[in-house]
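K.L.:
Provided herewith is a single structure, encoded as structure tokens, for subsequent inquiry.
The values are calculated or read from the model by the stated rules, or taken from the named source; none is laboratory data. What you see is a predicted model, and the numbers here were worked out from it, not measured in a lab. Neighbour counts are summed over all protein chains in view; Cβ atoms, including those assigned to glycine, are modelled from backbone coordinates with ideal geometry. Just so you know, the surface numbers come from the protein's heavy atoms only, side chains and all, with ligands and any DNA or RNA stripped out. Shrake-Rupley method; radii C 1.70, N 1.55, O 1.52, S 1.80 Å.
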Amino acid sequence: MPKAPRIAVTDVTLRDGMHAIRHQFSVDDVRAIAAALDDVGVSHIEVSHGDGLGGSTIQYGFAKENEDDLIRAAREVVRRARLTALLLPGIGIIEDMKRVQKLGVETIRIATHCTEADISEQHMREAKKLGLEVVGFLMMAHMLAPEDLAHQARLMASYGADVVYVVDSAGAMLPEDAYARVKALREALPDTVEVGFHAHHNLGLSIANSFAAVDAGATRIDASLMGLGAGAGNTPLEVLAAAAAKRGLETGLDLYKAMDAAEDVLRPRVPRLVEIDRASLTLGYAGVYSSFLLHAYRAAEQFGVDARDILVELGKKKVVGGQEDMILDVALALKKQKEAAAAR
């Protein structure tokens, strides 16, 4: 029987987890959480606004602390893992990438919608010049057929990506969906380019989908402490550590330290844990970007409509990241429909 592959685990608590707490981690929070994660044995620790570098805006939500200060805090304590940041072209710019590289960021993950890999070219080429490890992030990957997703991945690889990720931003995939997309990328890309998988837990399948991705050839998997992340969260790091150990996968994670980091370091610092509630379940069912969840809740309260109706309508419209303004448009339209129906 062939030896199981070693899986490098990137922790996204301090980036995707920011969505779940409205980007309110403090410098002290980042320092404590990053130190604990480094001790757990993750390969990469991602630190930035939930929407990436430059994301602290009125559109996406203001962070509690300055972005540079958060990255400096992590850099002070991270000794083994690679310090990582996310950049979405159009939100972050090349100057942001240059700035954080000087602060000690070693890996940059450049994210685009799954059909728009071509907008990452300039950023990826510049990142390679800066000596950064470059990771391509194909978001909302459930919306594209495997062969078409593989074409987008080849574009990223041609720009210099060292790794290309299948990103289930909506938590909408079933294990067979994850397997097919990762397999298509693995077959399309040269052996020198790794394939990764980023799951959300909206359908309760983040572990199963991550294992399906590994079976299809993924060697990079994302997770976060207690699954903290947008929507119903990401793959829970401590659960992944336990399940992977039972499956015989090498991750380099210390299970007990992962459990302790979740319970003792993260939990006291978050006002609420993520869960599969009716709205986050609707995200996965309708195939809607997970970071829309809190925006949909606020719009539902403002306009007196059901957040689920907002999310289902957004799914019908195939709205993607960057179109957060549509949430208010849809909520207002639903309110008018509700008022019209009541008047009849």
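K.L.:
In vacuo Debye scattering of the stretch 1-143, one point per C-alpha: log10 I(q)/I(0) at q = 0.16 Å⁻¹?
P.N.:
-0.81
K.L.:
If you don't mind, another one. Using the alpha carbon gyration tensor of the stretch 281-341, what are the three equivalent-ellipsoid semi-axes (square root of 5 times each eigenvalue), largest first, in whole Å?
P.N.:
18, 11, 10
K.L.:
Taking the chain as a Gaussian network, where each spring joins two C-alpha atoms under 10 Å apart, which residue of 234, 202, 66 fluctuates the most?
P.N.:
66
K.L.:
With a 10 Å cut-off between alpha carbons and a GNM built on the chain, which of 98, 64, 316 moves the most?
P.N.:
Among 98, 64, 316, the largest GNM mean-square fluctuation belongs to 316.
K.L.:
When the chain is modelled as a GNM with alpha-carbon springs shorter than 10 Å, which of 95, 238, 194 fluctuates the most?
P.N.:
In this elastic network of the chain, the residue with the biggest mean-square fluctuation among 95, 238, 194 is 95.
K.L.:
Amide H of residue 165: which non-local residues (sequence gap of 5 or more, or other chain) have their own amide H closer than 5 Å, using H built in the peptide plane?
P.N.:
Hits under the 5 Å cutoff: 136, 137, 138, 196.
K.L.:
Give me the accessible area per residue for the chain, probe 1.4 Å, as a whole number in Å².
P.N.:
Computed with neighbouring chains in place, this is 40 Å² per residue.
K.L.:
Moving on. Counting pairs of Cα atoms in the stretch 242-332, how many percent are more than 19 Å apart?
P.N.:
When all Cα pairs of the stretch 242-332 are counted, 54 percent exceed 19 Å.
K.L.:
What is the percent carbon and sulfur in the accessible area of the stretch 282-344, measuring with a 1.4 Å probe over the protein chains and ignoring ligands?
P.N.:
That fraction is 51 percent.
K.L.:
Follow-up. State the extension gain, in nm to one decimal, for the chain segment bounded by residue 68 and residue 94, taking 0.36 nm per residue of separation less the distance between their alpha-carbons.
P.N.:
Value of the extension gain: 7.9 nm.
K.L.:
Something else about it: For Cα extents along the principal axes in Å, the listed values are [x] 56, 44, 43; [y] 66, 44, 42; [z] 49, 45, 40; which was obtained by calculation from the structure presented?
P.N.:
So the calculated entry is the one marked [y].
K.L.:
Among DSSP bridges having both ends in the chain, what percentage is antiparallel? Round to the nearest 5.
P.N.:
Percentage antiparallel, nearest 5: 5.
K.L.:
Distance between the C-alpha centers of the stretch 269-294 and the stretch 101-118? Whole Å please.
P.N.:
24
K.L.:
Taking a cut-off of 18 Å, what percent of all Cα-Cα pairs in the stretch 142-243 are separated by more than that?
P.N.:
Tail fraction, whole percent: 41.
K.L.:
Follow-up. Would you rank 326, 259 by solvent-accessible area, highest first, keeping every protein chain in place and using a 1.4 Å probe?
P.N.:
Descending order: 259, 326.
K.L.:
If you don't mind, another one. Dipole of the stretch 120-185, Cα-centred, from +1 at each Lys and Arg C-beta and -1 at each Asp and Glu C-beta, to the nearest 20 debye?
P.N.:
Magnitude of the dipole: close to 220 debye.
K.L.:
Just add up the charged neighbours of residue 323: K/R +1, D/E -1, any other residue whose Cβ is under 11 Å from the Cβ of residue 323.
P.N.:
Once all neighbours under 11 Å are counted, the net charge is -1.
K.L.:
To the nearest 10 Å², what's residue 179's accessible area with a 1.4 Å probe?
P.N.:
About 90 Å², ignoring ligands and nucleic acids.
K.L.:
Setting aside same-chain residues fewer than 8 positions from residue 102, which lysines have a Cα under 28 Å from its Cα?
P.N.:
Residue 102 reaches 64, 128, 129.
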